[in-house]
Amino acid sequence: MNRRNLILAAAVGAALAMPAHVLAAELEWFGSVYAKFLDGDRKLQGALYNNAESTPGESGGDQGQGIEFELMFRSQVSNQVEIGGRLKSRFNQNFWTNFGGFGPEEEDPRSAQYVKLRGIYAIITPGYNWIDSATIGSNDWGMFDPLTQGKYRYIDRDNASGLLFQGSIPDANVRWDVARVSLPRLFAGPRFLTTRDPNDPALSYEVQDAAYTGQLRWTPNPEFNATAIFTYVNDDDIDISDIDMRDGQNTTSRYTNRVAALKADYSGFNAIDIGGSFYWADYSFDSSECDGNINGNCRFSPLLGEGADDVAWFINLDIADVLIPDLTIGLQAFHVGADFMSVQSARRESDVLLMEGWMSTWGWGRPDYNTGNRFNGNARAGVGYGGWNGETHQVVSLMADNDFTDFDEPYAFTVHGYKGVTIAPQYRLGNWEFKGEVSYVDYDTNWQACGNPELGFRAGCGSKYPRNEGTNSWGLGGDYRSAYSPYQDRETWFYGLRADYFLDVGKGVDVGLVYRFIDDKDRRVTNAAYLADAYDGFPDAAGFALNEDWVPNIGLGGCVRCDDRNAEYSLIGASFGYQLHRDLYGTIILEQYKVDLIDGTIDVAPVGMAFEASNDFGWIEYLTGDHTKNRIGLLFNYFLSGVEFGAAVDWFWGDYKANFFTDQNGQRVRLIPTSDSVATPIGNISTGKVDLEQYRLKAFMKVSF
Amino acid sequence: MKKTLRSIIGGLALASMAATPAFATSVTFKDPVGDDHGPGEYTYPTDAVYLPGSFDLTEFKVEEKGKDLEFSVSVNSRLADPWGMDVGFAVQMVFIFIDTEADGGHTAGIPGLNIQFADDSAWNKVVVLSPQQQSRVMAEARVKVADKLGDVVVPRRTTGRGKTISARVPKAEIGASDITGWGYQVVVQSNEGFPDRADFLTRKVNEYEGQHRFGGGHDGDCDPHVMDILAGSGTGAADEVALQHEMLAYECGPDGESVRRATLRMVRQ
């Protein structure tokens, strides 16, 4: 079992499900001591998380050791009042080696091992018929839905406070929840802001920004349940047309977001359960705040640069033991509209799709394939060559969040614009358990110049669709929060088969076998008339020096196939788990990943590419070619009552052999290099094979008291 | 390499099938749908991970599979793994109490369940179906169920598929006699990663439900922390709901102490 997830499960209980046997007003104390050790061969000593990047000045690390302390308290003040909270120290950068902050970093709160009051709440249970409880204070809002008011990720669970009222109408089999959630100041708005100008004290205004959510859950009988949810988000701002404060200050909405959801499940058939959910979202925003440039001030944003409305829906079928005993089949059809905006949707730790999704090992590992430049800050960011090991959390958020994670944790990925179907059978045969998957994904973001080919992508896309990293469908796996490409015509097939077997030898060996294959094709520009717009010499590359050896081939010589992207990902693996001692369980994992990638010809780079190709700061790399990555992983879990130890160790090794293509007579043809490098928009790429390696370790101890 | 792998997999599959007799002995009990409310008024936690029917026991089956016994517990909801436990389910935890012998056994329950068993229903073994690792569960058992540790059986691997949680244990760990002659009681609870100090990985029931707490009970430890059980003859008949309420009836004192403990009886074929 994934150690992080065990911690999650445990911590959920720690924060929210603690013992409640105290009837008098005595204060109950409990908590945990958590120590973490990181080691690796990247030799980075940023935060004590492998991936920490979104806070200015912070970076991840693969070295160090830290310990933190969490003291939780709770009191049943009376039959009608309960209060609780936490005192928590942080170890973001307070490695044992800097003596807990005594040194040059003492003034830095990330190093000072300070203790922070967190998670304060009061629950009022007045005993009235019309209301069960009112919760005032911190909450993770997990009682709603991932696409409306999503559950906050675990480490953010105490950062969101608000009001929650809950009740029921027993005679009608109805439960209701109403909440007001204060918006996070840092990111929950266009341009990752919740005010127009946070640097102007006269204009910055964030304190009244909030999301309001109401939910009705109806369960008329055990076979049927239905839920209706409505969320309204308002970013309240200073009305700059009213600068006379003597009669009070007028405010106006900077943006609003409304999301309505209807969900239902029926299990009254013998062998088939059916469920579905439908979401409608409306988003209103004054687009004049954006400069209209595809790489302008709204390029990095978790929301569109213009108002829009769209829908998302999911239909689930679960079929059990119909044709063959012990065979169950899960089916899901899904559609997430490209313009579906729900600012409060879950950012990770929720998975809205049945399919496994993208391989997290290629999740923007930032190994710097092309140059190996340690001085490129983005090459030092991320988790390195190995990527993430955890499952992929498919979320409907342009804020898919992998900040403050380690390599053994899940990887969040936005599925904006995904539409398709998944069939996932499971079958048991003796000591064997099989799980399969076939998924087909088409994209609501398949368009030419964002649906306005006559305007070209600069005017056609404008600043409506945030590019963020701009690596959607580029490189190995694309980026987890870049949902939009100006030109896209893409479809993807996912295949998977897992087999688990209990080998009855000794104490029993847990054998796992896995094979996965992903076939991802993107025709990008589909009409020769648009090629010159898409590939016009990359003038958007202001701010860094375009490769001076590269000669732009504007319009790719009319070759429509020359920008096509064909990517084939495969994984074959085996794992063996064994109870080494009554308290110690160990697993060895052997995996081989391969990618066969053609990302267009040597004249192709992401449409609209700007500074991201810079060797000093960029993250776009030339990756056409053959990739092989091998992994040996070791996992250990050691339990005693009240304490858990865990360790994950990985060794990766592999290579990348670049291939090159060019256009000839309107066709894409293989280019045979005549020198040791080939000029591309992204740099002069070596024709030689690149060897890559990574070693990494994470170990932890968690004591609960 | 691929041919070798196919041969190994094929051989193992044949071996596993060959180990399963054509006519295996089994015992099956049904339970009414919609009685997942303990003694009558219990409600689910309010977090969205607790899907309706998650703790609603619908069927229990034990079957001889070679030298093993396979236990299967079905609930009225498709299983989900929102906490990433990697075994196909996450929020449930099931205790299967078995009366294998005519005499002797335990009438006290497991810490955290707040139940006891009638004298004629003493249990000899309890099989714990948990999504947590066997070693984690056993580490807790060694401290919290120390006086009955030899009678606590945690399967090597417990998995969920569809609506059914299942696991195998060697029959020798339970008993040598005929499984059709045993008494069974199945208690559906919830997997708690951070239990109360004395509780065996169980989730609390309080007076008011919370995000991760059951409601409808008492804030003291006098109420049974149990959502659903087998009752009557285990046929799923409607009157088994009332029999469940009767077994789980309890009484609390003014300070939350137990005056009358919920008392369970075995269900027999």
> Given the Cα-Cα distance of A:V438 and A:Q667 and 0.36 nm per residue of separation, how much length would full extension add, in nm?
Replying inline: 79.2 nm
>> As I understand it, the dipole of the protein assembly as shown uses +1 on the Cβ of Lys and Arg and -1 on the Cβ of Asp and Glu, about the Cα centre. Which of B:V127, B:V91, A:S253 lies farthest toward its positive end?
In response: B:V127
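If packing is taken as the mean number of other Cβ atoms within 10 Å per residue, what is the order of A:219-232, B:55-68, A:469-482, highest first?
Details: A:219-232: 17.4, B:55-68: 20.6, A:469-482: 24.6.
Result, highest mean Cβ count within 10 Å first: A:469-482, B:55-68, A:219-232.
Taking neighbour Cβ counts within 10 Å as the exposure measure, how do A:T624, A:T371 sort from fewest upward? List each step's numbers first, then the result.
Details: A:T624 23, A:T371 16.
Ordered from fewest to most neighbouring Cβ atoms within 10 Å, A:T624, A:T371 come out as A:T371, A:T624.
How do the peptides A:342-350, A:545-553 rank, highest first, by the average count of neighbouring beta carbon atoms within 10 Å per residue? Please report the intermediate quantities before stating the final value.
Details: A:342-350: 27.2, A:545-553: 14.1.
Packing proxy ranking, top to bottom: A:342-350, A:545-553.
Is there a quick way to get the dipole size of the protein assembly as shown? I mean about its Cα centre, with the Cβ of Lys and Arg at +1 and of Asp and Glu at -1; what is the value in debye to the nearest 20?
On the way: 85 positive and 133 negative charges, 475 e Å.
Roughly 2280 debye for the protein assembly as shown.
When a/c reaches 1.5 or more, the comparison of a/b and b/c decides; with that in mind, is the range B:23-268 rounded, prolate or oblate per its Cα gyration tensor?
Taking the square roots of the gyration eigenvalues as a ≥ b ≥ c, the range B:23-268 is rounded.
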> Angle between the Cα long axis of helix B:134-144 and the longest principal axis of chain B, 0 to 90 degrees, nearest 10?
Replying inline: 30 degrees
> Using alpha-carbon positions, what is the distance between the centroids of the range B:202-245 and the range A:62-78, in Å?
Replying inline: 32 Å
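Evaluate peptide A:136-144: per residue, the Cβ atoms of other protein chains within 10 Å of its Cβ; return the mean as an integer. Present the calculation step by step, with values, prior to reporting the outcome.
Numbers: counts 0, 0, 0, 1, 2, 3, 9, 7, 3.
For this peptide, the per-residue mean of nearby foreign Cβ atoms is 3.
Would you please give the FRET efficiency between A:I315 and B:D178, computed as 1/(1 + (r/R0)^6) with r the Cβ-Cβ distance and R0 = 35 Å, to the nearest 0.05?
On the way: r = 47 Å, r/R0 = 1.33.
FRET efficiency, A:I315 to B:D178: 0.15.
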> Roughly what would the spin-label model give for A:E28 and B:E251, points 7 Å off Cα along C-beta, in nm?
Replying inline: 2.6 nm
> the range A:514-580 to the range B:63-104: how many Å between their Cα centroids?
Replying inline: 48 Å
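Ranked by Cβ crowding within 10 angstrom, fewest neighbours first, how are B:S26, A:S485 ordered? Intermediate results must be reported in sequence, preceding the final value.
Numbers: B:S26 15, A:S485 31.
Fewest-to-most Cβ neighbours within 10 Å comes out as B:S26, A:S485.
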>> Could you tell me the calculated FRET efficiency between A:I324 and A:L87, based on Cβ-Cβ distance and R0 = 45 angstrom, to the nearest 0.05?
In response: 0.25
> Using the alpha-carbon atoms, what tilt in degrees (0 to 90, nearest 10) does helix B:239-248 show relative to the longest principal axis of chain B?
Replying inline: 70 degrees
> In percent, how large is the relative contact order of chain A, given Cα pairs closer than 8 Å and 6 or more residues apart?
Replying inline: 10 percent
> Between A:D616 and A:Y114, what FRET efficiency comes out of the Förster formula 1/(1 + (r/R0)^6) with R0 = 51 Å and r the beta carbon distance, rounded to 0.05?
Replying inline: 0.90
> What average count of beta carbons from other chains do you get within 10 Å of the Cβ of residues in A:216-223?
Replying inline: 3
> What is the log10 of I(q)/I(0) for the range A:239-281, computed with the Debye formula using one identical point scatterer on each Cα and no solvent, at q = 0.21, 0.32 Å⁻¹?
Replying inline: -0.78, -1.05
>> Give the residue list of GluC sites (Glu not before Pro) in the range A:566-618 that are DSSP loop and have at most 12 other beta-carbon atoms within 10 angstrom.
In response: none
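In percent, what relative contact order does the range A:440-704 have, based on Cα pairs under 8 Å that are 6 or more apart in sequence?
Numbers: 646 pairs, mean separation 42.1, N = 265.
Value for the range A:440-704: 16 percent.
When the convex hull of the C-alpha atoms of chain A is computed, what volume per residue in Å³ does it have? Walk me through the intermediate numbers first.
On the way: hull volume 131.7 nm³, N = 705.
Hull volume normalised by residue count: 187 Å³.
Note down the magnitude of the dipole of the range B:51-174 about its Cα centre, charges +1 on Lys and Arg C-beta and -1 on Asp and Glu C-beta and zero elsewhere, to the nearest 20 debye.
Numbers: 15 positive and 17 negative charges, 126 e Å.
In debye, rounded to 20, the range B:51-174 gives about 600.
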> If we sort A:509-520, B:170-181 on the protection proxy, mean other Cβ atoms within 10 Å, highest first, what's the order?
Replying inline: A:509-520, B:170-181
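Which whole number gives the average, over all residues in B:201-212, of C-beta atoms from other chains lying within 10 Å of the residue C-beta?
On the way: counts 1, 0, 2, 6, 1, 7, 6, 10, 5, 11, 13, 8.
If you average over the peptide's residues, the count of other-chain Cβ atoms is 6.
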> With each label point set 7 Å from Cα along the Cα-Cβ vector, what nm distance links A:T97 and A:F278?
Replying inline: 5.9 nm
>> Compute the distance from the alpha-carbon center of the range A:415-448 to that of the range A:109-161, in whole Å.
In response: 34 Å
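Quick one: compute the contact order of the range B:23-268, relative version, from alpha carbon pairs under 8 angstrom and 6+ residues apart, as a percent.
Details: 634 pairs, mean separation 65.4, N = 246.
Relative contact order comes out at 27 percent.
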> Once the other residues with Cβ under 10 Å from the Cβ of A:N295 are scored (Lys, Arg +1; Asp, Glu -1), what is the net sum?
Replying inline: 0
>> Rounding to the nearest 10 and keeping the result within 0 to 90°, find how far the Cα-based axis of helix B:2-18 lies from the longest principal axis of chain B.
In response: 60 degrees
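As a quick test, which of the pairs A:K88/A:K698; A:K151/B:K144; B:K30/B:K125; B:K30/B:K163; A:K521/A:K657; A:K419/A:K594 have an alpha carbon distance above 24 angstrom in this structure?
Numbers: A:K88/A:K698 22 Å; A:K151/B:K144 33 Å; B:K30/B:K125 21 Å; B:K30/B:K163 14 Å; A:K521/A:K657 20 Å; A:K419/A:K594 26 Å.
Those over the limit are A:K151/B:K144; A:K419/A:K594.
Could you give the size of the charge dipole of the range A:440-704 about its Cα centre, using +1 on the Cβ of each K and R and -1 on the Cβ of each D and E, expressed in debye and rounded to the nearest 20? Spell out each step's value before the answer.
Values: 24 positive and 37 negative charges, 136 e Å.
It comes to approximately 660 debye.
Working out 0.36 nm times the residue gap between A:I240 and A:D171, then minus their Cα-Cα distance, what length gain in nm do you get to one decimal? Mind showing how you got there, number by number?
Details: separation 69, 0.36 × 69 = 24.84 nm, distance 5.06 nm.
Contour length minus the Cα-Cα distance gives 19.8 nm.
Coordinate-derived values only; no laboratory data. What you see is a predicted model; the values in this text were computed from it and never measured. Cβ: placed from backbone, ideal geometry, glycine included. Neighbour counts: every protein chain shown.
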